[in-house]
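Take a look at the structure below.
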Amino acid sequence: MTTLRLAAAVRGPGRTGPRGRPVPLLAGAVVALVVLAAALAPLIAPHDPNAVDPLAVSLPPGAAHWLGTDDTGRDIASRLLYGARPSLLAPLAVTLAAGTIGTALAVSAAWLGGWWDRLVTAALDLVFGFPGLVLAVVGAALFGAGLPVAVATLTIAYLPYVARVVRGSALRERHLPYVAALRMLGLGGARACLRHLLPNLAPLVLVQTATAFGYTLLDTAAFSFIGLGAQPPTAEWGLMVAQGAPGLLAGRPEQALAAGGAIVLFTVACGLLGTALSQRLAGDRT
Amino acid sequence: MKPLLEVEQLVKHYGAHTAVDGVDLRLMPGQALAVVGESGSGKTTTARLVTGLETSDAGRITLGGAPPPGPRARRAERLAHARRVQLVFQDPYTSLDPRQKIGDAVAEVLALHGPLRGAALEARRDELLTRVGLDARQAGSRPRALSGGQRQRAAIARALAVEPDLLVLDEAVAALDVSVQAQIVDLLARIREQRPIAYLFITHDLGIVPFLCEDVVVMRGGRIVESGRSRDVLTAPRDPYTRALVDSVPRPGWKPARQPARQPARQPERKAVTP
């Protein structure tokens, strides 16, 4: 009994036991629910998200329209569900691309060192000095506004967030005796990197990209909000906030609040999941 | 018989600090040579130079008739060097890939260096694990599931998978409990009885030396101050520093000297730094 009490005291109040991880569990449930809603949008959305109904303009929430309609008569709930698709896919593309390219740059720089490491580090520092928004404006000016350009510019902007952290860890990992032992055993650099260094860095990359995912979602939504991301009539959360903004002053805040709430909820859930993953990672290496 | 390892006038600087300063070594096939000295005496740097993990600033290393390959050596050169020399590190907690099962670690080396595949490879892997005192069922264990001694045994099994001519043991028992140290030293002695293999045993603990090595060199400040047969050097040391080291080995009735018997460590020579 005393042992049990001691174990409970060491574990802390209901955060690390089998049933005592409410925060990561809740965050995971939110992420899973949103992803599921995006995947099943055509099945569960009550209306066509782009169907304009002049006879049902700016309706309040009701049985036919759960969250009401916008100023062109489109169903807000359906647009919210369909809007989850580009709102999640664009940041997913950004994090996958930034994670892959950033990790490749970081590991190659840490492994090869020399002029390549100096070049990669300087380039990352340069990109780090540019706000993502400035890059997006430059990208839009050169290639036109739209989600693909927003994804490309955000990928570049997020490269340093992944690469700088991964490079630091790769450098530390590279100087551990097991890497020297692998070289002594005759393993080539590519094999040692791909089969040993990368698997040991993978949890860190996962944590970095999971945490960055929420922020990239926030940024793509911001790009759409200022007109540089998704273009009308696409249903996308950032664009919905922009289109619903006048309603905030006109007493019809449903669209802006629903889309804004979805962005906040998902971003916070991603951040909490990232934190939980990094705590798990810290425990895994001991 | 040709020497397995010949080291002549080896020098290594780290900035203004001279870690190794004109070291000469000669090791015959199957010979066990201990390199002893206090921390900073240059013994680990010598081991890293011999294994090719570091490159020397001056001097010559010949191992099995060839110098250690550079960092950009070709595959065939790397593999040939690996079969000449293997290194067992001091810290068994970081010398194995933490995410690789120890059986896979041994199997990977076997597959890299030989024609064995499938069941034959698994049998050889299990044989190596058993030979170092591990249970073949532990092949599926990751390093964190093993004790320090078991990890060091796994690291030795991995090194033996290459069947090297020379095994460099860099303070290989220093991080282990005394009882586990004795087991590993015993294991290393038994391995030498089973097949001809040379040891370069780097240690600061003179007490272990006679159990494993016939010969010893004593290093201080990057230089060799004394060398000879282990029993001669340990029973009748000529150099005052060696005498101080021998006197510091705990034995029944031993008490630490009120005044340290050994001389202060020689300050490394510093090169003039021009502004």
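Annotations
- Whichever residue in segment B:155-182 is part of a loop (DSSP other than H, G, I, E, B) and of a type in the set (Gly, Ala, Ser) and, among such residues, is farthest from the other protein chains (Cβ to nearest Cβ): B:174
- Residue check, residue A:55 assigned to a helix (DSSP H, G or I), modelled with pLDDT under 90 and farther than 30 Å from residue A:155 by Cα: yes
- Condition met for residue B:103 (farther than 24 Å from residue B:223 by Cα and more than 12 Å from every other protein chain (Cβ to nearest Cβ)): yes
- Residues of segment A:218-236 that turn out to be crowded, with 24+ Cβ neighbours inside 10 Å and of a type in the set (S, T, N, Q), as a count: 2
- Residues that are in contact with a helix residue (DSSP H, G or I) (Cβ under 6 Å, 6 or more places away or on another chain) and aliphatic (A, V, I, L, M), drawn from segment B:62-91: B:63, B:85, B:87, B:88
- Of residues in segment A:249-263 being touching a Gly at 6+ places or on another chain (Cβ under 8 Å) and not small (Gly, Ala, Ser), the one farthest from residue A:225 (Cα to Cα): A:252
- If you go through segment A:166-206 and keep only what is surrounded by fewer than 19 Cβ atoms within 10 Å (Cβ to Cβ), more than 25 Å from residue B:73 (Cβ to Cβ), hydrophobic (A, V, I, L, M, F, W, C) and more than 10 Å from chain B (Cβ to nearest Cβ), you end up with just A:206.
Yes/no per residue for (1) farther than 21 Å from residue A:154 by Cβ; (2) at pLDDT below 95:
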{"site": "A:82", "(1), (2)": "yes, no"}
{"site": "A:89", "(1), (2)": "no, no"}
{"site": "A:93", "(1), (2)": "no, no"}
{"site": "A:98", "(1), (2)": "no, no"}
{"site": "A:102", "(1), (2)": "no, no"}
{"site": "A:109", "(1), (2)": "yes, no"}
{"site": "A:113", "(1), (2)": "yes, yes"}
{"site": "A:116", "(1), (2)": "yes, no"}
{"site": "A:119", "(1), (2)": "yes, no"}
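- Screening A:211, A:216 for residues that are more than 14 Å from chain B (Cβ to nearest Cβ), more than 27 Å from residue A:245 (Cβ to Cβ) and not aliphatic (A, V, I, L, M) leaves exactly one candidate, A:211.
- Selected residue [assigned to a loop (DSSP other than H, G, I, E, B), exposed (fewer than 11 other Cβ atoms within 10 Å of the Cβ), modelled with pLDDT under 85 and not small (Gly, Ala, Ser)] from A:5, A:15, A:19: A:19
- Residue in segment B:122-132 that is outside any loop (DSSP other than H, G, I, E, B), of a type in the set (S, T, N, Q) and surrounded by fewer than 20 Cβ atoms within 10 Å (Cβ to Cβ) present: yes
The values are calculated or read from the model by the stated rules, or taken from the named source; none is laboratory data. Quantities reported herein were computed from a predicted structural model and do not represent experimental measurements. Heads up, the Cβs are rebuilt from the backbone with ideal geometry, glycines too, and the neighbour counts pull from every protein chain shown.
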